[in-house]
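All remarks here apply to the structure that follows.
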Amino acid sequence: MNPLRTLIVDDEALARSRMRALLADCRSPAADIVGEAANGEAALEQLGAQRLDLVLLDIHMPGIDGLELARHLRSRPDAPAVIFVTAYAAHAVTAFELEAVDYLTKPVRVERLQQALQKVARHLHERQPAAAQEPQDALLILDRGRTERVPLSEVLYLKSEFKYLTVRTAQRSHIFDGSLSDLEERYPKRFVRVHRNALVARSAIRALEKYEDGEEAEGWALRLDGIPEPVVVSRRQLPSVREVLKEPR
């Protein structure tokens with residue numbers, strides 16, 4: 001996924017410098033530090049001037065402290081995620097009442113900070129509207145912290161394997177955490193069931209042919225545009241597949 005646009009808010013310059021160094025060692029997701037602030041007032045100015053994904057926020061600061069700033073942020077519809085970074089554990093309950101994503105105590109370890117950034121990435125993804133999370137014309141593939149949009153027009157088949165789906169395009173295979181039945185129900189005009197564990201793109205079907213896989217004496221399989229491997233058709237689904245072959249292309 002894209003780096004998290006991050007603001008560091010701490011009244012100690014040394015603490016801000018150390019946080020910069022820790023963030024530089026973080027990956028998946030990484031942080032793009034777009035600003036620093038030494039107090040709540042300065043942080044509010046920066047929050048009004050640019051879009052942010054994350055605020056790393058100290059609590060004890062002169063003027064507007066971290067808790068007051070978090071209360072202000074909670075009222076905003078476009079509020080960034082908040083991670084409190086403080087030397088004191090006493091405010092943890094209040095912090096989570098203010099919907100902080102995480103609460104880190106100093107000195108912060110890079111491994112713990114990386115975990116907190118991953119929480120932020122999940123929080124921001126879950127906060128998106130459902131239509132934005134999974135557009136009608138694409139699947140969002142989450143792979144080791146990276147999010148990739150795969151257009152449905154590029155999907156040749158989907159196959160259920162263990163707890164995940166293999167999403168096959170002409171270029172590569174992806175792993176998708178989803179339900180085959182759900183996709184079949186949502187996109188009946190795009191995919192046809194060819195086996196209890198497989199859907200095939202109607203537009204990708206090139207030919208239906210005899211196939212020997214060592215298990216069935218007279219098996220059938222589909223040849224699809226763009227890939228060499230056949231997709232096995234079960235006897236139960238064979239009539240519906242033959243009907244698809246009759247459809248105008």
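For this structure, a couple of remarks:
- Shape call, segment 138-246: gyration tensor on alpha carbons, a/c limit 1.5: prolate
- Estimated FRET transfer efficiency when R0 is 22 angstrom, pair ARG71-ARG127 (beta carbons, to 0.05): 0.75
- Here the relative contact order of segment 138-246, from alpha carbon pairs under 8 Å that lie six or more residues apart, stands at 17 percent.
- Distance (nanometres) between label positions extended 7 Å along Cα→Cβ at TYR211 and ALA92: 5.4
- When only the Cβ of Lys, Arg, Asp and Glu is charged (+1, +1, -1, -1), the dipole of the chain relative to its Cα centre reaches about 800 debye.
- For segment 4-127: relative contact order, % (alpha-carbon pairs under 8 angstrom, 6 or more apart): 26
- Matching the structure-derived percent of Cα pairs over 27 Å apart against the labelled list (1) 33; (2) 51; (3) 40 gives the label (2).
- Percent RCO, i.e. relative contact order, over the chain, from Cα pairs under 8 Å lying at least 6 residues apart: 11
- Segment 47-88: trypsin sites (Lys or Arg not before Pro) falling in loop per DSSP and having at most 15 other Cβ within 10 Å: ARG51
- By definition, a body whose alpha carbon gyration tensor gives a ≥ b ≥ c is oblate when a/c is 1.5 or more and a/b is not larger than b/c, and segment 1-76 fits this oblate description.
- Applying 1/(1 + (r/R0)^6) with R0 = 41 Å to the Cβ-Cβ distance of ARG172 and ALA49 gives a FRET efficiency near 0.50.
- Excluding exposed DSSP-loop GluC sites (Glu not before Pro) (at most 15 other C-beta within 10 Å), longest clean stretch of the chain: 100-211
- Estimated [θ] at 222 nm from DSSP helical runs (n ≥ 4, -39500 (n - 2.57)) normalised by residues in the chain, nearest 500: -8500 deg cm²/dmol
- Projecting the Cα positions of THR86, LEU69, PHE96 onto the charge dipole of the chain (unit charges on Cβ atoms of Lys, Arg, Asp and Glu, taken about the Cα centre) puts PHE96 furthest along the positive direction.
- Measuring between alpha carbons in the structure, the pairs from LYS119/LYS159; LYS163/LYS189; LYS163/LYS210 lying more than 28 angstrom apart are LYS119/LYS159; LYS163/LYS210.
- Extending 7 Å from the Cα toward the beta-carbon at both SER153 and SER181 defines two label points whose distance is 3.2 nm.
No lab work stands behind these numbers, since they all come straight from the coordinates. Only a predicted model underlies this, so the values are computations on that prediction, with no experimental measurement involved. Counting neighbours? That spans all protein chains shown, and the Cβs are built from the backbone with ideal geometry, glycine included.
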